[in-house]
1. From the square roots a ≥ b ≥ c of the eigenvalues of the alpha-carbon gyration tensor of region 4-91, which class results: rounded (a/c under 1.5), prolate (a/b over b/c), or oblate?
2. For the pair Asp98 and Ser17, how long in nm is the line joining their label points, each one 7 Å along Cα→Cβ?
3. Calculate the tail of P(r) for region 51-98: the fraction of all Cα-Cα distances greater than 13 Å, expressed in %.
4. Fewest to most neighbouring Cβ within 10 Å: what's the order for Tyr80, Tyr37?
5. What is the helix-to-structure angle for 36-45, meaning the angle in degrees between its Cα long axis and the longest Cα principal axis of the chain, kept from 0 to 90 and rounded to the nearest 10?
6. Could you please rank Cys79, Cys60, Cys84, placing first whichever residue has the fewest other Cβ atoms within 10 Å of its Cβ?
7. Hey, what number do you get for the chain at 222 nm if only DSSP H runs of n ≥ 4 count, each worth -39500 (n - 2.57), divided across all residues, to the nearest 500?
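Read the figures in this text as sums done on the coordinates, not as results from a lab. On a predicted model such as this, the values are computed, not experimentally measured, just so you know. Reconstructed Cβ throughout: ideal geometry from the backbone, glycine too, with neighbour counts over all protein chains shown.
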Amino acid sequence: MHQKIAVIDERTVMLGSLNVLSQSWTREVMLTMRGAYFARKLLAHEHAETFARPPRCGRCKGAEIEIRRRKNGTWYWRCYAAPCKTTPSGRTDAWTQDIRLTSGR
Ligand SMILES: [Zn+2]
């Protein structure tokens, strides 16, 4: 299932296959659940605290950091600042850093 999770605040969670931010009508489903305990557990499982705090780029010290995921499932930060990732030869060589997750998946 192409699962979507939207945590509205620390109490309300929407869960399902519908992309709530882009679709107005489909036959897909979305459940809304209320409960602070469930919302906090879900945020912890999805590493929300970690993912909400990207580091500064280790090369240019900029804040243009995006999150990516490797095929093996490892998450990593990546600097997308154009001057930072462009080498003199014209290749792109973006700064990346693996994200160390304390628990979960
Ligand atoms: Zn950079």
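1. Because a/c hits 1.5 or more and a/b exceeds b/c, region 4-91 counts as prolate.
2. Between Asp98 and Ser17, the simple spin-label model gives 3.5 nm.
3. Across region 51-98, Cα pairs with separations above 13 Å total 53 percent.
4. Tyr37, Tyr80
5. That helix lies at roughly 30 degrees to the long axis.
6. So the residues, fewest neighbours to most, are Cys60, Cys84, Cys79.
7. Helix contribution divided over all residues of the chain: -4000 deg cm²/dmol.
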